[in-house]
Amino acid sequence: MRGDDLFIAMIAELMQLKIQNLMSDEQCYDQLRELRWPEGCQCPFCDSHRVIRRGFDDQHPSKQRYQCKGCGRRFDDLTGTIFAGSHHPLKIWMLVVYFMWLNLSNAQIAQELDLNKHVVHDMTTKLRASLLEKKSR
């Protein structure tokens with residue numbers, strides 16, 4: 001195979017590769033923890049750093065559960081975030097953020113992630129509102 005034919009074949013192969021397959025749920029949760037708690041896990045209810053791990057979520061094995069030794073409340077990686085209670089995996093949310101950063105339209109994001117455009121609209125609206133709220137603090 002000639003060099004330019006190989007290049008074209010590689011491009012065609014890469015186009016078949018879905019971006020969702022490039023990162024794992026575990027990587028997403030690790031990144032979220034690092035961004036959310038750069039100084040170590042902190043209780044979202046009382047801000048205590050006296051927190052113990054309490055296993056992982058049954059439905060999302062990468063989502064860590066915790067219990068605060070200060071106030072006694074239980075929480076997980078997503079408690080108190082816009083991702084809490086979502087039916088979409090954290091990986092999808094991170095991909096939506098990434099595509100927003102690339103300035104893709106909601107329709108383009110929906111197509112890329114094979115999601116309903118109304119779902120993507122709701123997700124991007126939540127993300128933008130969260131950014132505006134943080135900016136106004």
### Query
Going by the alpha-carbon gyration tensor, a ≥ b ≥ c the square roots of its eigenvalues, is region 31-84 rounded (a/c under 1.5) or, if a/c is not under 1.5, prolate (a/b greater than b/c) versus oblate?
oblate
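Which order do the peptides 47-57, 110-120 come out in when sorted by mean C-beta neighbours inside 10 angstrom, highest first? Working shown, then result.
Working: 47-57: 12.5, 110-120: 15.7.
Packing order, densest peptide first, comes out as 110-120, 47-57.
The numbers here are math on the coordinates, done by the rules we state, and not lab data. If you're wondering where the values come from, they're calculated on a predicted model, not measured in any experiment. Don't worry about glycine lacking a Cβ; one is built from the backbone with ideal geometry, like all the others, and counts go over all protein chains shown.
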